[in-house]
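Note sheet for the following structure.
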């Protein structure tokens, strides 16, 4: 049996995965999703590996997502979460319609998001206006995923979301290192209506690398480097779960 090819740089690994046909996500909750050749506003390789924001993987298990009828991804970029959720639930015997909407201001990112949806045969709506995404409210529960690169204090206003007792949130928080004013502000806005939990970033370990067979040899240091998301201002996520009865 010939020895495996040894990959020595992140670029070599990226090129190898991008050349796979079809180019599918290798691990994580959205494993198997056919994905595009670039990302908008975040590192591309961790998404292809399926290790991107792996701290949230439990939030995007099929069991957890099955609690919701509607999903709105604010700041969806090329649709990692919007398309990933639709892909994961497509195979679930839910017995009801799932409504998934992605919102972003970047036309180029939305074009890529729609392309990924088409490749995977997914029914996902992508729009530029948040108002359009929230225009109708289903009878069931909604999950909002928000990553707006520092504009979360503007977007995360309770008045935007009229059915707070049926709306849960996962919000990526940004700010200067060591300062948590954004966390305190959003927490204070939703404390009476939601159970608030912070989810901290975790350092990647070699064991987090997907086990999918690439047919190459990688050392431990390269695996960690490949999973590095190069975060600068984002410092944690805030999970907001609606309390049984809205108190506001």
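The values are calculated or read from the model by the stated rules, or taken from the named source; none is laboratory data. What you see is a predicted model; the values in this text were computed from it and never measured. Here Cβ is always computed from backbone atoms with ideal geometry, including for glycine, and neighbour counts include all displayed protein chains.
Observations on the model:
- Filtered residues of the stretch 134-155 (kept if surrounded by 20 or more Cβ atoms within 10 Å (Cβ to Cβ) and over 17 Å from the mean Cα position of the chain (by Cα)): 134
- Residue 92 being surrounded by fewer than 13 Cβ atoms within 10 Å (Cβ to Cβ), touching a helix residue (DSSP H, G or I) at 6+ places or on another chain (Cβ under 7 Å), modelled with pLDDT under 95 and over 22 Å from residue 231 (Cβ atoms): yes
- The stretch 8-25, residues that are in contact with a helix residue (DSSP H, G or I) (Cβ under 9 Å, 6 or more places away or on another chain), touching a residue at least 12 places away in the same chain (Cβ under 8 Å) and either surrounded by 21 or more Cβ atoms within 10 Å (Cβ to Cβ) or outside any loop (DSSP other than H, G, I, E, B) (or both): 10, 13, 14, 17, 18, 25
- Residue that is surrounded by the most Cβ atoms within 10 Å (Cβ to Cβ), among those in the stretch 32-59 that are closer than 14 Å to residue 116 by Cα and in contact (Cβ under 8 Å) with a residue 60 or more places away in the chain: 35
- Evaluation of residue 212 against (1) out of contact with any strand residue (DSSP E or B) (no Cβ under 8 Å at 6 or more places or on another chain); (2) closer than 25 Å to residue 78 by Cα; (3) exposed (fewer than 12 other Cβ atoms within 10 Å of the Cβ) (one fails), failing number: (3)
- From the options 100, 127, residue that is surrounded by 21 or more Cβ atoms within 10 Å (Cβ to Cβ), more than 19 Å from residue 42 (Cα to Cα) and touching a helix residue (DSSP H, G or I) at 6+ places or on another chain (Cβ under 8 Å): 100
- In the stretch 105-119, the qualifying residues are those that are surrounded by fewer than 20 Cβ atoms within 10 Å (Cβ to Cβ) and touching a strand residue (DSSP E or B) at 6+ places or on another chain (Cβ under 6 Å), and the one that is nearest to residue 149 (Cα to Cα) is 114.
- The residues of the stretch 215-241 that are free of Cβ contacts under 8 Å to residues at least 24 places away in the same chain and either touching a strand residue (DSSP E or B) at 6+ places or on another chain (Cβ under 8 Å) or over 30 Å from residue 5 (Cα atoms) (or both) amount to a single one, 232.
- A single member of 229, 200, 172 is surrounded by fewer than 12 Cβ atoms within 10 Å (Cβ to Cβ) and in contact with a helix residue (DSSP H, G or I) (Cβ under 8 Å, 6 or more places away or on another chain), and it is 200.
- Checked against (1) within 23 Å of residue 73 (Cβ to Cβ); (2) within 20 Å of the chain's Cα centre (by Cα); (3) surrounded by 15 or more Cβ atoms within 10 Å (Cβ to Cβ), residue 190 passes all but condition (2).
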